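Worksheet: one structure, shown below.
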Amino acid sequence: MLAPRSVLPQRAELVVHGRQLVTGDIVDVDGVPITSAPRLFIDLAALLTERELVVLGDALLRTGLATLPELSWRVHLAARRRGVVRARDALRFVDGRAQSVPESVVRHVIVTGGLPAPVPQLSILDNFGRVVAHADLGYEEWKILIEYEGRQHSEDEQFGRDIERYSRMAADGWLVLRFSAAHLAKPYVILDRVRQALLSRGWIPPPRV
């Protein structure tokens, strides 16, 4: 980041952008001035897809680098800037409870596909009301859980814990859908399976307008 100047520096290996900053756009990190997280969000809105912005927004909230009101206010100030409409649309789906990029992607696929929004990190309770597990995503009303299986789930110890957890959930009446990296490249598969699961548990789609 450079101080304002009439002529921007020109170097072959750099792409230099000029932007007008407002109060709060600059923060100090170990003595180095950098743009704030809300400012980063609006700057990248011109380059990223809506889904990528949701992933970014989830991460900013999860790590505490920004709050949803802060992101919303900075998007509001951006007015007619390129990407502001995409940023505004993405904010409708941002949720700091998501614990990973794949969770954010799967959730966005589901909600933009016209299905009910699943709850991130849904708590699973035992018969005594104690929390015994958390699902990546879930529908408590229909007892459906959605899990993303990363590579760490293939390790022997983790695999054993997963088997125990899934069998316990199934015994309690939960339907568990499991997705992997291969499914992220086929969002229509995710959408179809979640839709079929919801229908099997009594979900009634809203009438088409």
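The figures follow:
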read-out	value
Matching residues in segment 104-143 - criterion: being touching a Pro at 6+ places or on another chain (Cβ under 8 Å) and assigned to a strand (DSSP E or B)	D136, L137, G138, Y139
Qualifying positions in segment 63-110 - within 16 Å of L44 (Cα to Cα), in contact (Cβ under 8 Å) with a residue 12 or more places away in the chain, of a type in the set (G, A, S) and surrounded by fewer than 19 Cβ atoms within 10 Å (Cβ to Cβ)	S72
Out of G202, G129, G114, sole residue that is under 27 Å from L71 (Cα atoms), more than 16 Å from the chain's Cα centre (by Cα) and surrounded by fewer than 16 Cβ atoms within 10 Å (Cβ to Cβ)	G114
Residues that are touching a Leu at 6+ places or on another chain (Cβ under 9 Å) and either closer than 13 Å to V119 by Cβ or not assigned by TED's automatic domain parsing to the domain that holds I190 (or both), drawn from segment 131-150	H134, A135, D136, L137, G138, Y139, E140, W142, K143, I144, L145, I146
Criterion violated by R97 - all others in (1) at pLDDT below 95; (2) touching a strand residue (DSSP E or B) at 6+ places or on another chain (Cβ under 8 Å); (3) in a loop (DSSP other than H, G, I, E, B) satisfied	(1)
From the options E103, E70, residue that is in contact with an Asp or Glu (Cβ under 8 Å, 6 or more places away or on another chain), modelled with pLDDT of 95 or more and acidic (D, E)	E103
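The values are calculated or read from the model by the stated rules, or taken from the named source; none is laboratory data. Just so it is clear, the structure is predicted and the values come from calculations on it, not from any experiment. Please note: Cβ atoms are built from the backbone with ideal geometry, for glycine as well, and neighbour counts cover all protein chains shown.
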